[in-house]
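All of the numbers you see were taken from the coordinates with simple rules; none came from a lab. Quick caveat: nothing in here was measured; it's all calculated off a predicted structure. Here the Cβ positions follow ideal geometry from the backbone for every residue, glycine too, while neighbour counts run over all protein chains shown.
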Amino acid sequence: MRNYVFAGAVVLLLLLSAAYLGARSVYDTELSNAGAAFDPGRESSIPRGRLPADAPAAAYAALFFHSGARCATCRNIEVTVEKTIRQHFAEELASQQLDWRSYVLDQPENAKYIKAFGLFSTAVVLVRIQDGFYTTWKQLPKVWELSNNDAALENYIRDEIGAFINN
């Protein structure tokens, strides 16, 4: 009897592994077809006309992504990023050159961002907008590393947005 239970457990484990690998392969294919690359901190492109911008008149956007259930660190990252943008890029916000938005990743309508930007948790993504579509993007991976130092996080966000806009 023990051999049958063990054999059943092994078969179940193999089936689950195969299902995971198959699903992961499909997900990776969809992601690569969407133009995303898992290389946080480097600019990546989105094929033209694939991802409409929510603020099509802006030239750039800073996007904050989070889950519905947020920890204190996630909330602090969002507050610090928004404060930094409003303080250091007030002119760009007022002229609608820069847009700031926050998205809940758990909502079905935001699934497109998970694929396009390779997201898996709280993230800040900078995007260029051209003709009403997101064209290039850059994820800011150090937000987690700097999350316990508001001044360092503020400097990082300010410098990254400034460089992205002026590049």
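Projecting label points 7 angstrom from Cα along Cα→Cβ for D54 and R70 puts them 1.2 nm apart. Among 99-108, 150-159, the peptide with the highest mean count of other Cβ atoms within 10 Å heads the list, and the full ranking is 150-159, 99-108. Spacing of the modelled spin labels on F120 and N166, each 7 Å from Cα toward Cβ, amounts to 3.4 nm.
Spin-label model, K112/L93: points 7 Å from Cα along the beta carbon direction are separated by 2.5 nm. State the antiparallel share, in %, of DSSP beta bridges confined to region 37-166, rounding to the nearest 5. The antiparallel fraction comes to roughly 65 percent.
Between amide H atoms placed 1.01 Å from N, distances below 5 Å from Y103 occur with F64, F65, H66, all of them 5 or more places distant or on a separate chain.
Collect residues whose amide H, placed 1.01 Å from N in the peptide plane, falls under 5 Å from the amide H of L51; neighbours closer than 5 in sequence don't count. Placed amide hydrogens put Y134 under 5 Å from L51.
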